[in-house]
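Novice: Handing you this structure, nothing more for now.
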């Protein structure tokens, strides 16, 4: 019997196989934070201002009055600029070690930059903080509904670019129905149905006829803008008293909770639509991650072949969940006419649907995170109005761009490497 040569020795089956793990370093968050730190240095250094800024923490109607906070502009901007560079270095360290940049670091960074910017921009003036935050929640309400609809739709595997059209259709339908019936609740039902109708078209073309989902969404947005603008000019404007004077929901302060300093006026002196929004965020999160429906929804958007194997009708599940997403977004569109502005105007959503879509991406397709992202974008939108009132030296053109700049920075600079649902945007053909 011949001896086995060394080169032909058999490795025992029990020998461990060592695989080297690939190291992925993500420096995108660090670059974004560093860029804004440099921007802060230039802004606060070259545009140095003196004096102090007063932040009011209570309204005149609050039972508990909090003392105003006065901040020295030069001290705050100097200290915060140093801290911004320090946090950018921390993010660089996380990226070098191939670790995910913690969300708390980005949150602290954003708060510090915001405090310094407000202190600098409103030097010598007073900023009513409750009013700023109340306005932010008001602007964020339709964004949050739109983001929830986007999360559901994309988790099901359908890219929902038509959020803008769903919001606008909901605003139009709620204004007309509430004006005719004088019942804002019926206006909410009409807004929900309008959002479902827009989603039916999206689902039919993208799921049944396999048309590109992004193209269908863009076409639907243009279609809804055209139809609502046409009906506004031909029907609503000549008959404004009958068709475009919807009754708005009054504010309903919640006892005890509405008296909490600062928090109470912001979150608990709102309309019914905002309170429904709170419930909707919690329900969507729970249903998505804690129920059988949510498991099936995520399955058809992540691995439709596997879902089909266990007996889930993929296309039917996608179809009805896209309709549900449209219902939520359409409901949010009613806030424009029944909770905020009052009457319907041409293109009154002003790109809110696209910002909601950005909130979905920034929130990593998670209802809670998408809600926080929508609140951030709503705060930026309301901030430009407040800064205009206090006489900020920032050019008005920049203030108008502020919410969109924040959107771009958040998605491009803070998100880092993210992966959406694997089958999102891909039609499923049963083999």
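Every read-out reported here was derived from the displayed coordinates using simple, explicitly stated rules and does not represent laboratory data. Predicted, not measured: the structure shown is a model, and the values here were computed from it. Cβ: placed from backbone, ideal geometry, glycine included. Neighbour counts: every protein chain shown.
Novice: Under a GNM of the chain (C-alpha, springs under 10 Å), which listed residue has the highest mean-square fluctuation: 357, 42, 338?
Specialist: Looking only at 357, 42, 338, the biggest GNM fluctuation is shown by 42.
Novice: Now, a different point. For the stretch 111-260, what's the relative contact order in percent, using C-alpha pairs closer than 8 Å and at least 6 residues apart?
Specialist: Relative contact order here is 25 percent.
Novice: With an 8 Å Cα cut-off and a minimum separation of 6 or more residues, compute the relative contact order for the stretch 42-118 in percent. Present the calculation step by step, with values, prior to reporting the outcome.
Specialist: On the way: 57 pairs, mean separation 19.2, N = 77.
The normalised contact order for the stretch 42-118 reaches 25 percent.
Novice: Quick one: what does P(r) look like for the stretch 289-415 with 5 Å bins over all Cα pairs, in whole %?
Specialist: The distribution over the stretch 289-415 is 2, 9, 14, 16, 16, 15, 11, 7, 5, 3, 1, 1, 0, given as percents.
Novice: Let me ask you something else. Return the calculated 222 nm mean residue ellipticity for the chain, to the nearest 500 deg cm²/dmol, obtained by summing -39500 (n - 2.57) across DSSP H runs with n ≥ 4 and dividing by the residue count. Intermediate values should be presented prior to the final figure.
Specialist: Numbers: 16 runs with 263 residues, N = 431.
Computed ellipticity for the chain at 222 nm equals -20500 deg cm²/dmol.
Novice: Given an 8 Å cut-off on Cα distances and at least 6 residues of separation, report the relative contact order of the chain as a percent.
Specialist: Working: 751 pairs, mean separation 109.0, N = 431.
About 25 percent, as a whole number.
Novice: Taking the Cα atoms of the stretch 134-391, report the difference between the largest and smallest coordinate on each principal axis, in whole Å and largest first.
Specialist: 57, 47, 36
Novice: When the Cα atoms of the stretch 28-124 are enclosed in a convex hull and the volume is divided per residue, what value in Å³ results?
Specialist: On the way: hull volume 9.7 nm³, N = 97.
Residue-normalised Cα hull volume stands at 100 Å³.
Novice: Based on the Cβ-Cβ distance from residue 63 to residue 103, what FRET efficiency comes out when R0 is 35 Å, to the nearest 0.05?
Specialist: On the way: r = 35 Å, r/R0 = 1.00.
E between residue 63 and residue 103, to the nearest 0.05, is 0.50.
Novice: Give me the orientation-averaged projected area of the Cα convex hull of the stretch 181-305, in nm², one decimal. Kindly include the intermediate steps, with their values, before the conclusion.
Specialist: Working: hull surface 47.5 nm².
For the stretch 181-305, the mean projected area of the Cα convex hull comes to 11.9 nm².
Novice: Oh, and also: When only alpha-carbon atoms are used, what values of Rg and Dmax, in angstrom, describe the chain?
Specialist: 25.4, 105
Novice: Now, a different point. If packing is taken as the average count of other Cβ atoms within 10 Å, what order do 159-167, 373-381 fall into, highest mean first? Write down the numbers at each step before the final one.
Specialist: Values: 159-167: 31.9, 373-381: 24.6.
Top to bottom by mean Cβ count within 10 Å: 159-167, 373-381.
Novice: With a Förster radius of 25 Å, plug the Cβ-Cβ distance of residue 291 and residue 313 into 1/(1 + (r/R0)^6) and report the FRET value to the nearest 0.05. Don't skip to the answer; put the middle values down first.
Specialist: Details: r = 18 Å, r/R0 = 0.71.
The formula returns an efficiency of 0.90 here.
Novice: Which residue fluctuates the most in the chain, going by a Gaussian network model with Cα springs under 10 Å, if the choices are 300, 266, 111?
Specialist: For the chain, modelled as a Gaussian network with Cα springs under 10 Å, the answer is 111.
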